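Q: Could you have a look at this structure, given as structure tokens, before my questions?
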Amino acid sequence: MRLPAVPRRAGKTRLDSSTLVEHLDVMYRAALAMSGSSQDAQDIVQDACVRVLSRPRHLEPGRERAYLVTAVRHAWYDRLRARSLRPQPAALDDHEQALASPLPGPAEVADSKRVYEAISQLSDDHRLVVAAVDVAGLSYAEAAEMLDVPVGTVMSRLHRGRSRVAAALGAARP
């Protein structure tokens, strides 16, 4: 059975699976920064993809990345709500799994893990801004739109978030 054609909306492009694949890396990095766990990040991205692909979405060209990071943020919030309602199993050690990968070296994995852990320790407001701008690569305007705050607030939270991450990394160095 063939599905009926979805009418094209003037000036907007349809968000489909091929477009989504182009942004999976950004979505994963944002989810990892929000959750602090690669296992959770993978689940969050999967939940966001299912939600986005569940019905036709039409976006203005160039807005896909901001929209998808917003979908990741909503999936993360859903996961936090669900987690608060049930007991949590013990987490696997992500660091050991990352070290088994042949691609990055041990020093890069350790540095990356420390950075993501430092970001995950920020307050929600700061973590979301750092994840959107520094991890997902959104512009200040895109992050402001995604979070529904003024651009100046994004800049302020980003500065404070970056300072706290830098302080955490400085304190963690041997």
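Q: Of everything in region 116-141 that's assigned to a loop (DSSP other than H, G, I, E, B) and small (G, A, S), which residue is surrounded by the most Cβ atoms within 10 Å (Cβ to Cβ)?
A: A136
Here's the yes/no breakdown for (1) at pLDDT below 85; (2) in a helix (DSSP H, G or I); (3) surrounded by fewer than 17 Cβ atoms within 10 Å (Cβ to Cβ):
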{"site": "R2", "(1), (2), (3)": "yes, no, yes"}
{"site": "R8", "(1), (2), (3)": "yes, no, yes"}
{"site": "Y67", "(1), (2), (3)": "no, yes, no"}
{"site": "D78", "(1), (2), (3)": "no, yes, yes"}
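Q: A further question on this structure: Within region 148-174, which residues are free of Cβ contacts under 8 Å to residues at least 40 places away in the same chain, among the aliphatic types (A, V, I, L, M) and closer than 22 Å to L32 by Cβ?
A: Answer for region 148-174, where residues must be free of Cβ contacts under 8 Å to residues at least 40 places away in the same chain, among the aliphatic types (A, V, I, L, M) and closer than 22 Å to L32 by Cβ: V154, L158, A166, A167, A171.
Q: Right, V149: out of contact with any Cys (no Cβ under 9 Å at 6 or more places or on another chain), crowded, with 16+ Cβ neighbours inside 10 Å and outside any helix (DSSP H, G or I) or not?
A: When the stated conditions are applied, V149 passes them.
Q: Right, something else. Just name the residue that is nearest to the chain's Cα centre (by Cα) out of those in region 156-174 that are of a type in the set (A, V, I, L, M) and surrounded by 15 or more Cβ atoms within 10 Å (Cβ to Cβ).
A: By that ranking, first place goes to L158.
Results for (1) at pLDDT 90 or above; (2) of a type in the set (D, E, K, R), shown as yes or no for each residue.
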position	(1), (2)
R51	no, yes
R83	no, yes
L103	no, no
E108	no, yes
D111	no, yes
Y116	no, no
L128	yes, no
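Q: Right, something else. I'm trying to understand the selection: among the residues of region 35-61, which are outside any helix (DSSP H, G or I) and of a type in the set (K, R)?
A: Answer for region 35-61, where residues must be outside any helix (DSSP H, G or I) and of a type in the set (K, R): R55, R57.
The values are calculated or read from the model by the stated rules, or taken from the named source; none is laboratory data. Note that this is a predicted model, so its numbers are computed, not measured. Glycine also receives a Cβ, built like all others from the backbone with ideal geometry; neighbour counts cover every protein chain displayed.
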